[in-house]
């Protein structure tokens, strides 16, 4: 088999749907436990997972391009606002929400410039063509590198689950997040939850979904160059 | 990036006001060696994803095998034969071999992330880098006389191997500079001086100082580049055509200054490191074109980015340097509750 690696696109599209399904389940479990921190990230990952699957495989895409653009624009503004809020609250630092704002921006750009950066055929076949508009490949590379760095540093972080909840959020620790010194959340505050719920809300699984999303989005940006 | 944030110490006790008031002591010194390992892992991850570009899975002159075979020319016969032998394997099994190559790079990237696998991953990265240098970069053009540092000579991938050695995990302090933590101050300085001395030589030998060759080096890259970079390329081509020899001699002098920099007082060392980073950042953009990634036909970002990372590992650190100390942990107030 040579040429366009469709099996690869199917693999990544499948992973994207798996991430979307997982985040939907996570949202459900979080709502059931009234533990709603990170809900915005879950919603963003659901939207991104479904949209990205449609970018990798044409047949799996649906919805008007403008609707997706609007959705990701709203998400981007939301995460920018949360980033500003975080800086106001905790002082100058790189807020957790910044990477999600960047991911929303990347999705917005990929829908707005579906022809790829260099005008070549992009795998984003489910998106409508905007004649004459091209995404700058330098910006694509910059965003892709940021996502790869986020994936690597998230995996290496001692604060498990931070990819969804940030490190200022206490309640993700309640399901077993471990900090750099091996301490876990104060179990005196933990409500008893089911085994399945605990598995779904496992911080490492939340991080894994973020890492997969980052790598897939970076790949899509590289493919669009 | 989440890693820059701070770990949750404990869940909230009562009110937000209490949370905001509660501060915990600063953590220990920042592990810069680990930070640089993770940056190296990020570059490996970029390489792995670049390996998944569609043309990599294709045969023919425009495919991966064609790219490999083209690197054989200019090398001695027996070396060229090994390169074309590898190219023929890739030609016959493009999907299998390319998927394997990408997998190895994914394994290296993610292997460096986990503390338990960082040593095997770095060891594999050294072997892999040397293999890529031989079969994938044609020994960096050393034997063909085209290994000028302007073009990434003696091979961008060698810097991956060098960084893997210098960033090999070892307990200890990041002072006086990160690269010394594993191999020791004396050995690290020798490695630095030899590396930059070699770069200086490569600026002047072979076609490295020929204006036309330097012009062609950039001209061969500008096809498919975005408009702003193609415009920059044309300026670079014109510059090399008129001042190529002077540029080569200038870069050689810069390399020699940088080579001696680690033996100078800290302040002067910092000046030479900044010089190295600025010069190679410019080369990375204006000559190497980010390794050709923006034209959609590259497998790695070439040497510029790695040289900057290498220079950072030699940055002199003191006990009071803000780079070596973490900021105090912030309060554990929930970000989400701010709204």
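Pop out the Kirkwood hydrodynamic radius of region A:21-124 from its pairwise C-alpha distances, inverse of mean 1/r, in Å to one decimal. Working shown, then result.
Numbers: mean 1/r = 0.0670 Å⁻¹.
The answer is 14.9 Å.
Connecting C-alpha atoms closer than 10 Å in a GNM of chain B, tell me which of B:119, B:267, B:30 has the biggest fluctuation.
Comparing B:119, B:267, B:30 in the GNM, the peak value goes to B:267.
By how many nm would the segment from residue B:238 to residue B:103 lengthen if fully extended, with 0.36 nm per residue of separation less the alpha-carbon distance? Each step should come with its number before you reach the end.
On the way: separation 135, 0.36 × 135 = 48.60 nm, distance 4.08 nm.
In short, 44.5 nm is gained.
Given labels modelled 7 Å from the Cα in the Cβ direction, how far is it in nm from residue B:85 to residue B:318?
Rounded to a tenth, the inter-label distance reads 5.6 nm.
Compute the Cα gyration tensor for chain B, then decide on rounded, prolate or oblate, letting a ≥ b ≥ c be the square roots of its eigenvalues: rounded whenever a/c is under 1.5, prolate when a/b is larger than b/c in the other cases, and oblate in all that remain. Walk me through the numbers before you get to the answer.
Details: a/c = 1.94, a/b = 1.50, b/c = 1.30.
Prolate.
Testing the spin-label approximation: label points 7 Å from Cα along Cα→Cβ at residue B:30 and residue A:208. State their distance in nm.
3.1 nm
For chain B, modelled as a Gaussian network with Cα springs under 10 Å, which listed residue fluctuates most, B:34, B:209, B:170?
Judging by the Gaussian network model, the answer is B:170.
For chain B, set up a Gaussian network in which alpha carbons nearer than 10 Å are linked by springs, and say which option among B:140, B:172, B:151 fluctuates the most.
Sorting by GNM fluctuation, first place goes to B:172.
Is region B:45-190 best put as rounded, prolate or oblate by its Cα gyration tensor, with a ≥ b ≥ c the root eigenvalues, rounded for a/c under 1.5, and otherwise prolate when a/b is larger than b/c, oblate when not?
On the way: a/c = 2.82, a/b = 1.53, b/c = 1.84.
Oblate.
Angle, helix B:185-204 long axis vs. longest principal axis of chain B, Cα atoms, 0 to 90°, nearest 10?
Orientation of helix B:185-204: about 30 degrees from the principal axis.
Taking a ≥ b ≥ c as the square roots of the eigenvalues of the Cα gyration tensor of region B:112-203, is the shape rounded (a/c under 1.5), prolate (a/b larger than b/c) or oblate? Each step should come with its number before you reach the end.
Values: a/c = 3.44, a/b = 1.42, b/c = 2.42.
Note, shape of region B:112-203 comes out oblate.
What angle do you read, to the nearest 10 degrees and between 0 and 90, between the alpha-carbon axis of helix B:118-131 and the longest principal axis of chain B?
Around 10 degrees separate the two axes.
For region B:228-322, what is the relative contact order in percent, using Cα pairs closer than 8 Å and at least 6 residues apart in sequence?
Working: 66 pairs, mean separation 24.7, N = 95.
Relative contact order for region B:228-322 comes out at 26 percent.
Quick one: helix B:266-286 against the long Cα principal axis of chain B, what's the angle to the nearest 10°, folded into 0 to 90?
Helix B:266-286 sits at roughly 50 degrees to that axis.
Please work out the C-alpha center-to-center distance from region B:50-127 to region B:201-255 and express it in whole Å.
Comparing the Cα centres of region B:50-127 and region B:201-255, I get a distance of 27 Å.
In nanometres, what is the gap between the two model label sites at residue B:271 and residue B:96, each 7 Å from Cα along Cα-to-Cβ?
Each label point is offset 7 Å from its Cα along the Cβ direction, giving 5.9 nm.
Per residue of chain B, what 222 nm ellipticity follows from adding -39500 (n - 2.57) for every DSSP H run with n ≥ 4, rounded to the nearest 500? Mind dumping the intermediate values first?
Numbers: 13 runs with 193 residues, N = 339.
Counting only the DSSP helices, I get -18500 deg cm²/dmol.
We did not get these values from a lab; they are worked out from the coordinates using the rules stated. Computed from a predicted structure; not experimentally measured. Neighbour counts are summed over all protein chains in view; Cβ atoms, including those assigned to glycine, are modelled from backbone coordinates with ideal geometry.
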